Each structure stands twice: as C-alpha cells, then as structure tokens.
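Colleague: My structure is below; once you've seen it, I'll send some questions.
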Amino acid sequence: MWSKTEQIIKSIFQAEVKIATEAIDEAIAFYNNFLELQNRYQQETPEQREAEKAWIDQQRQQLNQVQQGIKEILNQSAG
C-alpha cells in the first residue's frame, strides 16, 4: 500500500516538475529572443529606423485607403 502511494506522489511530483521546467524553458526562450531583438534594434542606424517608420506609415495609409473603400462599398450596398 505504501509503495503505491509513494509511486503516486512521485508521479505527481514529476509531472509538476516537468510543467515547471517547460515554463522556465519557454521563459528563457522568450527572454533570449527579446535580447536578440533588442540587440538588433540597437545596431540599427537612424536611417534604418527612419526607413522602417516610413514603410510602416505607408502601410498604415494603404490600410486606411482599403478601409475607406470597404466603407464606401458597404454604404452603397446598404443604400
């Protein structure tokens, strides 16, 4: 009887350790990725940053145009 209880306790403990280990591994992977991205951004030149911002602004403008077009189509079909 004691052996069976001991096995159950070991099994539960091992499962909890596995879950904790997986969570720690994920946290470490996330943090490593974050550090790599931070390093990349720190190495970017001001020109690269400005070019990236300009591209994002352009994409935002295009998205706004598409949104406006969709609204116009919906308004026409509702009217």
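The values are calculated or read from the model by the stated rules, or taken from the named source; none is laboratory data. The structure presented is a predicted model; accordingly, all values stated were derived computationally and were not measured. Positions of Cβ are backbone-derived with ideal geometry, glycine not excepted, and every protein chain shown enters the neighbour counts. Each accessible area value is taken on the protein alone, full model and side chains, heavy atoms only, with ligands, DNA and RNA left out. Shrake-Rupley method; radii C 1.70, N 1.55, O 1.52, S 1.80 Å.
Colleague: Compute, for Leu35, the solvent-accessible surface of its heavy atoms (probe 1.4 Å) with the complete set of protein chains present, and express it in square angstrom to the nearest 10.
Modeller: 70
Colleague: Right, something else. Taking a probe of 1.4 angstrom, what is the accessible area of Ile19 in Å², to the nearest 10?
Modeller: So the heavy atoms of Ile19 present about 100 Å² to solvent.
Colleague: Around Ala78, with a cut-off of 13 angstrom between Cβ atoms, what is the net charge of the other residues, counting Lys and Arg +1 and Asp and Glu -1?
Modeller: Charge balance near Ala78 sits at 0.
Colleague: Would you work out which of Gln59, Phe34, Gln7 lies farthest towards the positive end of the dipole of the chain? Charges go on Cβ: Lys and Arg +1, Asp and Glu -1.
Modeller: Projecting each Cα onto the dipole axis, the largest value belongs to Gln7.
Colleague: Once both axes come from the Cα atoms, what is the angle between helix 2-43 and the longest principal axis of the chain, in degrees from 0 to 90, rounded to 10?
Modeller: For helix 2-43, the angle is close to 30 degrees.
Colleague: Follow-up. For the chain, what D do you get in µm² per second when you plug the Kirkwood radius from alpha-carbon pairs into Stokes-Einstein at 4 °C and 1.567 mPa s?
Modeller: Numbers: Rh = 18.4 Å.
Stokes-Einstein gives a translational diffusion coefficient of 70 µm²/s.
Colleague: Using only the alpha-carbon atoms, how far is helix 46-78 inclined from the longest principal axis of the chain? Give it as 0 to 90 degrees, nearest 10.
Modeller: Tilt of helix 46-78: around 70 degrees.
Colleague: Glu16 versus Glu47, label points 7 Å from Cα toward the beta carbon: distance in nm?
Modeller: Label-label distance for Glu16 and Glu47, simple model: 5.8 nm.
Colleague: What length, rounded to one decimal in nm, is gained on full extension from Glu36 through to Ala54, with 0.36 nm per residue of separation minus their alpha-carbon distance?
Modeller: 4.1 nm
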